[in-house]
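Read-outs: derived from the displayed coordinates by stated rules, not from any lab. None of these values were measured; they are calculated from a predicted model. Cβ: placed from backbone, ideal geometry, glycine included. Neighbour counts: every protein chain shown.
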Amino acid sequence: MAVDLVSIFKTNRVIPVAQFDDRESALKTAGLLVKNSISILEITLRTESAIENIRAVSSEFPALTVGAGSVLSRDALAKARDAGAAFCVAPGLDLALLEYADERGMPFMPGVATPSELNAALAACDLIKLFPASLLGGVEYIKAVSAPFRSRNFHLVPTGGVNRDNYLDYLKQERVIAVGMSYVVDSALVMKGDYDALEERMKSVMSALA
């Protein structure tokens, strides 16, 4: 049964966005997230082991809602779904892929960067990623791009350049339901095996949200 992403994002307002080179680092990081009451993880399809990492984390941590990020094709979406991904996320707007996800019963969040893309996305869904948020203009851009669509009911998930200094500002915006944030599961720290530093970041974010 498809998950209710809106409800999940309302509960988990920070979505850790990670990339892992191997199964072990994915499982260790997932374990820390669960330990620190973070129940969502987006694993991007940017490494050769991404699909197997999704499969491993989904199997080992059933309480964790695992999504696939950087989904660019039907094949990638199908593989992520079969591996246990509960939702998929794309950096851009591909209406054919969005339709395919709907046909497969896969919750799918497309990415937009302009008013035209936002308008097109709203014809098919109401949960939309804004990417790359910081380079587009951050909070002020969100206010500007969403203003003409005030009569529409939708939620935005800014991703790209969201960090410890600005994520709370994003979350204060009316249309923002959650943020995508690699800071919490920083790939450099994962590669170094510095799980103590990762856990400190998780604790800091959860404390601020509380």
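Observations
- Residue list for segment 2-44, restricted to those being surrounded by fewer than 15 Cβ atoms within 10 Å (Cβ to Cβ) and touching a Gly at 6+ places or on another chain (Cβ under 7 Å): 2
- Restricting attention to segment 191-206, the residues that are assigned to a helix (DSSP H, G or I) and either under 15 Å from residue 17 (Cα atoms) or touching a residue at least 24 places away in the same chain (Cβ under 8 Å) (or both) add up to 10.
- Selection count where residues are outside any loop (DSSP other than H, G, I, E, B) and of a type outside the set (A, V, I, L, M), scope segment 174-190: 3
- Residue selected from segment 164-190 under the condition without any contact (Cβ under 8 Å) to a residue 24 or more places away in the chain and under 14 Å from residue 134 (Cβ atoms), by the criterion nearest to the chain's Cα centre (by Cα): 183
- Whichever residue in segment 50-61 is touching a Lys or Arg at 6+ places or on another chain (Cβ under 7 Å) and crowded, with 17+ Cβ neighbours inside 10 Å and, among such residues, is nearest to residue 190 (Cα to Cα): 53
- Selection count where residues are in a helix (DSSP H, G or I), in contact with a helix residue (DSSP H, G or I) (Cβ under 7 Å, 6 or more places away or on another chain) and not acidic (Asp, Glu), scope segment 43-57: 6
- Qualifying residue in segment 16-26 (condition: assigned to a helix (DSSP H, G or I) and touching a residue at least 40 places away in the same chain (Cβ under 8 Å)): yes
- When the criteria are applied in full, residue 161 fails the requirement of being surrounded by 14 or more Cβ atoms within 10 Å (Cβ to Cβ), in contact with a strand residue (DSSP E or B) (Cβ under 9 Å, 6 or more places away or on another chain) and at positive phi.
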